[in-house]
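S.K.: One structure follows; several queries about it will come next.
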Amino acid sequence: MFLKTIDRYILKKFIGTFIFSIILIICIVVIFDISEKIDNFIHATLHEIIFDHYLNFIPYFINMLSPLFTFISVIFFTSKMATRYETVAILSSGITYKRFLRPYIIGATGIALTSLYVSHFVIPKANKQKQAFEDKYINNNYQTQERNIHRQLDKETLIYMESYTNSDMRGNRFTVEKIKNFQQYYMLSADWIQWDSIKQKWTVYNYYERIMHENKSDKNPGKRYTEELKFGKEKIIEIDFKPSDMGRIESKVEVMTFPQLKKFIADETEKGSSGIERFKVENYKRTAIPFSTFILTIIGVCISSRRVRGGIGLHLAIGLLLAASYVLFLQVSSIFAVNGIMPALLAVWIPNFLYGGIAFYLYQTAQK
């Protein structure tokens, strides 16, 4: 049989402590969240509060904290085992430290794989409902009035708007340019642009167009281009741009599943768009953070399996310090990536490499 008695014993304590600690912190967080947002919930139905907000909020919160609570759970029950000399008895019976770690790795694998799947596929879908609820009842029907907006839609097309209001889906002082080989061959400028939700297209008002035609006539060989100007009051245009592209960056990141996020990053990279580092960081984090479950589990076992004066309290203090430093390091390196100081992949995985080295050192020096 693959799982021996010692494996089942440790796994039962591992998973049981993890679930208990998660349930406890979720109850506390929900109570504080309700007390903070009670005024906003007055206008929402009980069904919306439970199913649109909390059933989508709780998985996000659990997944975000799963590596940390895996770490705390490991330290908590392993320290109790060490205090009762159980770890001493296990290791003294001839079981190697590597074999002693096996049930911990099995438990960490289950938590990490679940977290990996939930991060990439489940939570983005849940975030759509959660954000819709928050924008309706908490963020006062979130609106944006961005100014001086520049977007590159593809390798040749750029747009500019002096301002944009998402509630009206309207932009003012709109301009679209097409450039090839550093030469502008098309420009349209309008007083304002309005999204038609029925036709799913933009309409420009009070516009003029400037079209450059390549001169193929022999009558004026010195002139490479001829200019054509058009004026009008209203025109439907087709551009690869929608009102949803003006949503909050953090909102767009959180609601994309793995295939959608990967495609979005590839499309924006091909367009030469700026500001996609935030999306790359989010994509890599969804894999790096579940992987950190293994590293933090090994660190937790190595710290807490040795019986020391101070017992659980000292182990928890050291563990929380290491966990807090990991989270801080990850946030700082992510900021570096978002600001373009270092590559996103390197920035997100640096904490895992560093703390992986710490885990290896603690494993080598652990009391065996």
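All of the numbers you see were taken from the coordinates with simple rules; none came from a lab. Computed from a predicted model, the values in this text were never measured in an experiment. Using ideal geometry, Cβ is built from the backbone for each residue, glycine included, and neighbour counts are taken over all protein chains shown.
S.K.: For K12 and T45, what does the FRET efficiency come to when R0 = 51 Å and r is the distance between their Cβ atoms, rounded to the nearest 0.05?
M.R.: 0.80
S.K.: Here is a follow-up. Using θ = phi - 60° and the Karplus form 6.51 cos²θ - 1.76 cosθ + 1.60, what ³J(HN,Hα) does each residue of segment 62-79 get, whole Hz, x for Gly and Pro?
M.R.: Rounded to whole hertz, the list is 4, 5, 5, 9, 4, x, 5, 6, 4, 4, 5, 4, 4, 5, 5, 7, 6, 4.
S.K.: Tell me the volume per residue, in Å³, of the convex hull enclosing the alpha carbons of segment 15-154.
M.R.: Roughly 177 Å³ of hull volume per residue.
S.K.: Give the label of the value calculated from the structure for Rg and Dmax of the Cα atoms in Å, choosing from [x] 19.7, 67; [y] 28.1, 100; [z] 24.6, 71.
M.R.: Comparing each candidate, only [y] matches the computed number.
S.K.: At a Förster radius of 41 Å, what calculated FRET efficiency corresponds to the Cβ-Cβ distance of I31 and S163, to the nearest 0.05?
M.R.: Taking R0 as 41 Å, the efficiency between I31 and S163 is 0.50.
S.K.: So what is the calculated 222 nm ellipticity per residue for the chain, using -39500 (n - 2.57) for each DSSP H run with n of 4 or more, over all residues, to the nearest 500 deg cm²/dmol?
M.R.: Calculated mean residue ellipticity at 222 nm is -19000 deg cm²/dmol.
S.K.: What is the dipole size for the chain, taken about its Cα centre, with +1 at each Lys and Arg Cβ and -1 at each Asp and Glu Cβ, in debye to the nearest 20?
M.R.: Result for the chain is approximately 1660 debye, rounded to the nearest 20.
S.K.: Using 7 Å Cα-to-Cβ label points, what is the A324/Q184 separation (nm, one decimal)?
M.R.: Each label point lies 7 Å from its Cα, and together they span 5.5 nm.
S.K.: What are the ³J(HN,Hα) couplings of segment 227-240, residue after residue, when phi is run through the Karplus curve with 6.51, -1.76, 1.60 and θ = phi - 60°? Round to Hz, x for glycine and proline.
M.R.: Rounded to whole hertz, the list is 9, 10, 10, 10, 10, x, 8, 7, 7, 8, 10, 10, 9, 7.
S.K.: Please give, to one decimal in nm, the separation of the simple spin-label points placed at N172 and E227, each 7 Å out from Cα toward the Cβ.
M.R.: For the pair N172/E227, the computed spacing is 2.8 nm.
S.K.: Can you compute 3J(HN,Hα) from phi for each residue in segment 25-33, using the Karplus curve 6.51 cos²θ - 1.76 cosθ + 1.60 with θ = phi - 60°, rounded to whole Hz and x for Gly and Pro?
M.R.: Whole-Hz 3J(HN,Hα) from phi for segment 25-33: 5, 5, 4, 5, 5, 4, 4, 5, 5.
S.K.: Can you give me the distance in nm between label points at E156 and K4, each placed 7 Å from the Cα along the Cα-to-Cβ direction?
M.R.: With each label point 7 Å from Cα toward Cβ, the separation is 7.0 nm.
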